[in-house]
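Here the structure comes first, spelled out in structure tokens, and everything after it is commentary.
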Amino acid sequence: MHLRYITCSGTNESTDIKGLINLLKKYQYFAEIGVQVSDKQSPKGGERLEWIHDLVHALKFADRTINAALHVNQGWVEQMCRGIVVPELEELIGLKNVMGLPFFSRIQLNFKLGRDDVSPNCADTLVTLQKHLNRRFILSFNESNERIVRELYLKGLWFDCLYDSSFGKGILPAFRAKPAFTHIVQGYAGGIDPENVTLELDKIARAIKNSPSHGVFYIDAESGLQGDDGYLSLEKCETYLIRAKNWAYEDDDDD
């Protein structure tokens, strides 16, 4: 069993960059940030795009690298699934870190999360992803997009699979899904927060035990990391990170 990423999704222009970098420094191997972008969330000239560039600049100045995932939503992901990558998104994908490597090492496509109007076309989606095959892609797997995700898998696309039956709404599932695919990284989201993370990790471990997925997995939380103001709380992130990290070390000791 190997916990690879502890993802803090929802980092954006409301997140203090200095505080975020200090937090990630403490948990640099495990911690990953997830940044939500779309035509509505991050329009050209908008605060989110400016914040992302400021974060990249601050990390270069500090001579640091972090784990970062770009979560693509709404109109932008619908266009990607038609073979179109808008210039703003192409620019984000092209950002480099201080080592000259892609700043966003993973790209999550949130298509068909119960709100999109356009059903992805497998051929067009595959063409788009093949253009950026130097990245790890994350495909969210649930009842609304199971068909196309399985089709992409059978066509040889390599991706990390994120199980979220709540369609991004942060609701705890009745049970944690067993891996639907083999030999790829399994991700789990939905209702995870600093208070229940250890219990949920135990559930996930039971779900993937004895599966042929090699036991490599990650967790992703967003709504459970928000403070009373509705924005990401770095304090909650730290509690979530340390508890998940401690669980990972204890699990290694048990193996």
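Quick one: dipole size for the chain, taken about the Cα centre, charges +1 on Lys/Arg Cβ and -1 on Asp/Glu Cβ, in debye to the nearest 20. Present the calculation step by step, with values, prior to reporting the outcome.
Details: 29 positive and 36 negative charges, 149 e Å.
Roughly 720 debye for the chain.
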Checklist entry - For labels at I171 and E151 in the simple 7 Å Cα→Cβ model, what's the distance in nm? => result 2.7
Item to check | Convex hull of region 1-149 built on C-alpha atoms - directionally averaged projected area, nm² | outcome: 9.4
Item to check | Where Rh is the Kirkwood radius over Cα pairs, Rg/Rh for region 159-205 | outcome: 0.95
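Report, in deg cm²/dmol and to the nearest 500, the calculated mean residue ellipticity at 222 nm for the chain, where each DSSP H run with n ≥ 4 adds -39500 (n - 2.57) and the sum is divided by the residue count.
Numbers: 8 runs with 91 residues, N = 255.
Counting only the DSSP helices, I get -11000 deg cm²/dmol.
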Item to check | Loop GluC sites (Glu not before Pro), region 149-251, which have at most 16 other Cβ atoms in a 10 Å radius of their Cβ (DSSP) | outcome: E195
Item to check | Relative compactness, the chain, computed as alpha-carbon Rg over 2.2 N^0.38 Å | outcome: 0.96
Checklist entry - For region 158-255, what is the convex hull (Cα atoms) projected area averaged across all directions, in square nanometres? => result 6.5
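Please report, ordered by residue number, every helix of the chain (full DSSP H runs) that is 20 Å or longer along its axis going by C-alpha atoms and whose mean Kyte-Doolittle hydropathy reaches -1.0.
Details: long enough: 47-61 (21 Å, -0.10); 234-254 (30 Å, -1.25).
Flagged H segments are 47-61.
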Item to check | Binned Cα-Cα distances of region 22-105, short to long, each 5 Å bin given as a whole percent | outcome: 3, 14, 24, 26, 17, 10, 5, 1
Checklist entry - Within a Cβ distance under 15 Å of L157, other residues only, what is the Lys/Arg minus Asp/Glu net charge? => result +3
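Values quoted throughout were computed directly from the atomic coordinates according to the rules given, and no laboratory measurement underlies them. The model shown is predicted, which means the values in this text are computed figures rather than measured ones. All Cβ positions, even for glycine, are placed from backbone atoms using ideal geometry, and neighbour counts span all protein chains on display.
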